[in-house]
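**Student:** Here's a structure for you.
The values are calculated or read from the model by the stated rules, or taken from the named source; none is laboratory data. Because the structure is a prediction, the values reported are computed rather than measured. Using ideal geometry, Cβ is built from the backbone for each residue, glycine included, and neighbour counts are taken over all protein chains shown. Surface areas here come from the heavy atoms of the whole protein model, side chains and all, with no ligands, DNA or RNA. Shrake-Rupley method; radii C 1.70, N 1.55, O 1.52, S 1.80 Å.
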Amino acid sequence: PDVITVQELANRMAERAADVIKTLMSMGVMATINQSLDPDTAQLVVEEFGHNVKRVSDADVEEALVVADDSEEQLLGRPPVVTVMGHVDHGKTSLLDALRATDVAGGEAGGITQHIGAYQVTMATGSKITFIDTPGHAAFTEMRSRGAKVTDIVVLVVAADDSVMPQTIEAISHAKAAGVPMIVAINKVDKPGANPSKVKTELLQHEVVVEEMGGDVQAVEVSAKQRTGLTELEEAILLQAEVLDLKANPNRVADGVVVEARMEKGRGPVATVLVQRGTLRTGDIFVTGAEWGRVRALVDDHGTRVSDAIPGMPVEVTGLNGVPSAGDDFVVVENEAKAREVADFRQRRIRETQAAAMKKSALENMFSQS
Ligand code: GTP
Ligand code: MG
């Protein structure tokens, strides 16, 4: 059964807990703030306060988060979101750094210190590409297991002097399982032992057939170190994006996904959010995972404060009540009551799951000891 504590009930009604306790007393129920109430008692209290009673189910909550579908004519082009994957030391970070340095909006090249889990590169042509700088497979798999479709394209980095290695194969299977198209970046071609043909041949064994071999996977030879092939790689990404025909409606309430989140001194919980639909604005009320908040400030990947963020744009959000997890959804809702309702519901569900797991392991212990 769905129980709720006095405190949670007060939160959901946006009333003071003390007033809820008083009301309970007037009904002949002595309760403390952390006490759980059965649904019927809770319903009486809610009615006593003159609120409408609505018992929320899982489906209700998810439904509350869904805004009407966007019609075709509301959709506008959006930048592709790209994740770089590959074997350890094959140059993922170096390549991301090199690509970031090609950003014409970023001021002087190379002066990058700001760490953000995602960033956007504006090319000389004005085209934009969003890169997610994940620590490799972990974040990608985690996001995928949460059902968040974040990445449009995977760039598979393979070092030309080392060729296909275990984590290369792993990355290929991740991309295939997620149904995300791949572009191969054959890196370190500046090295004396570089052998790009060997890479292409070995990829064949894993059903990655590059164009040169008669397949449809684009392969670009690059050197993150000498910064060669970067424009070609970006052009390959844009070409693939064109095929995917990526669109989103910017004129609606925003939703997106948390790329990373942390607690920061002086700023509180900070989340890097990739906006997927709509426009996120300062002051918006949102739910993210089991947390909620009101956007206090938005900071872009250059460390500049911005007033809004459109689809494909990564931004740092402050104004959260807690730290969400990477891969959590991020959804703007109508009002604070709705935000609290969803967040409370999800927190309760987490607690219930934890309690059930504890009960299970306690039982298992009992049986294993007997
Ligand atoms: P992990 O994050 O540990 O998996 O590694 P990574 O894939 O991010 O590789 P990283 O960018 O850290 O590069 C690994 C090493 O390769 C570093 O010493 C780089 O300087 C070097 N390296 C990366 N790209 C190139 C390149 O194009 N040419 C040469 N010669 N060295 C490179
Ligand atoms: Mg790295």
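**Student:** To the nearest 20 debye, what is the magnitude of the charge dipole of the stretch 190-260 about its Cα centre, counting +1 on the Cβ of each Lys and Arg and -1 on the Cβ of each Asp and Glu?
**Tutor:** On the way: 7 positive and 14 negative charges, 50 e Å.
Using Cβ point charges on Lys, Arg, Asp and Glu, the stretch 190-260 gives about 240 debye.
**Student:** Straight-line reach from Lys188: which aspartates and glutamates have a Cα under 13 Å away, not including same-chain ones fewer than 8 places off?
**Tutor:** Counting by Cα, and skipping residues close in sequence, Lys188 has these aspartates and glutamates nearby: Asp89, Asp161, Asp162, Glu221.
**Student:** Could you tell me which of Asn249, Gly117, Gln7 has its Cα farthest along the dipole of the chain towards the positive end, charges placed at Cβ (Lys, Arg +1; Asp, Glu -1), taken about the Cα centre?
**Tutor:** Gln7
**Student:** In whole percent, and with a 1.4 Å probe on the protein chains, what portion of the accessible area of the chain is carbon and sulfur? Present the calculation step by step, with values, prior to reporting the outcome.
**Tutor:** Numbers: 9260 of 18150 Å².
Ligands and nucleic acids excluded, carbon and sulfur give 51 percent.
**Student:** Counting Lys +1, Arg +1, Asp -1, Glu -1, what net charge surrounds Gly117 among other residues with beta carbon under 12 Å of its beta carbon?
**Tutor:** Residues near Gly117 contribute -3 overall.
**Student:** Quote to one decimal, in nm, the extra length available between Glu336 and Gln74 on full extension: 0.36 nm per residue of separation minus the C-alpha distance between them.
**Tutor:** Details: separation 262, 0.36 × 262 = 94.32 nm, distance 2.73 nm.
Gain on extension, Glu336 to Gln74, equals 91.6 nm.
**Student:** Multiply the residue gap between Met25 and Asp97 by 0.36 nm, knock off their C-alpha separation, and tell me the result in nm, one decimal place. Present the calculation step by step, with values, prior to reporting the outcome.
**Tutor:** Details: separation 72, 0.36 × 72 = 25.92 nm, distance 6.28 nm.
So the chain would gain 19.6 nm between Met25 and Asp97.
**Student:** While we're here: Using a simple spin-label model with points 7 Å from Cα along the Cα→Cβ vector, what separation in nm is obtained for Gln43 and Asn251?
**Tutor:** With each label point 7 Å from Cα toward Cβ, the separation is 4.4 nm.
**Student:** Of Lys92/Lys265; Lys128/Lys225; Lys176/Lys198; Lys265/Lys338; Lys149/Lys265; Lys149/Lys191, which ones are farther than 25 Å apart at the Cα?
**Tutor:** Numbers: Lys92/Lys265 30 Å; Lys128/Lys225 23 Å; Lys176/Lys198 22 Å; Lys265/Lys338 29 Å; Lys149/Lys265 31 Å; Lys149/Lys191 36 Å.
Cα-Cα > 25 Å for Lys92/Lys265; Lys265/Lys338; Lys149/Lys265; Lys149/Lys191; rest within.
**Student:** Let me ask you something else. Quick check: residue separation of Ile33 and Met358 times 0.36 nm, minus the Cα distance between them. What number comes out in nm? Before the final figure, lay out the partial values.
**Tutor:** Working: separation 325, 0.36 × 325 = 117.00 nm, distance 2.40 nm.
So the extension gain works out to 114.6 nm.
**Student:** Here's something else I'd like to know. Would you mind checking the radius of gyration and Dmax of the chain based on alpha-carbon positions, in Å?
**Tutor:** 24.8, 84
**Student:** Which one of Ala194, Gln205, Gly215 has its Cα pushed farthest toward the positive end of the charge dipole of the stretch 163-286, where Lys and Arg give +1 and Asp and Glu give -1 at the Cβ?
**Tutor:** Ala194
**Student:** About the Cα centre of the stretch 191-339, what is the dipole size in debye to 20, counting +1 per Lys and Arg Cβ and -1 per Asp and Glu Cβ, all else neutral?
**Tutor:** Working: 16 positive and 24 negative charges, 137 e Å.
Charge dipole of the stretch 191-339: 660 debye, to the nearest 20.
**Student:** Another question, if that's okay. Sum -39500 (n - 2.57) across every DSSP H segment of at least 4 residues in the chain, then divide by the residue count to get the 222 nm mean residue ellipticity, nearest 500.
**Tutor:** Values: 10 runs with 124 residues, N = 370.
About -10500 deg cm²/dmol.
**Student:** Ignoring everything but the protein chains, give the 1.4 Å probe accessible area of Arg351 in square angstrom, nearest 10.
**Tutor:** 110
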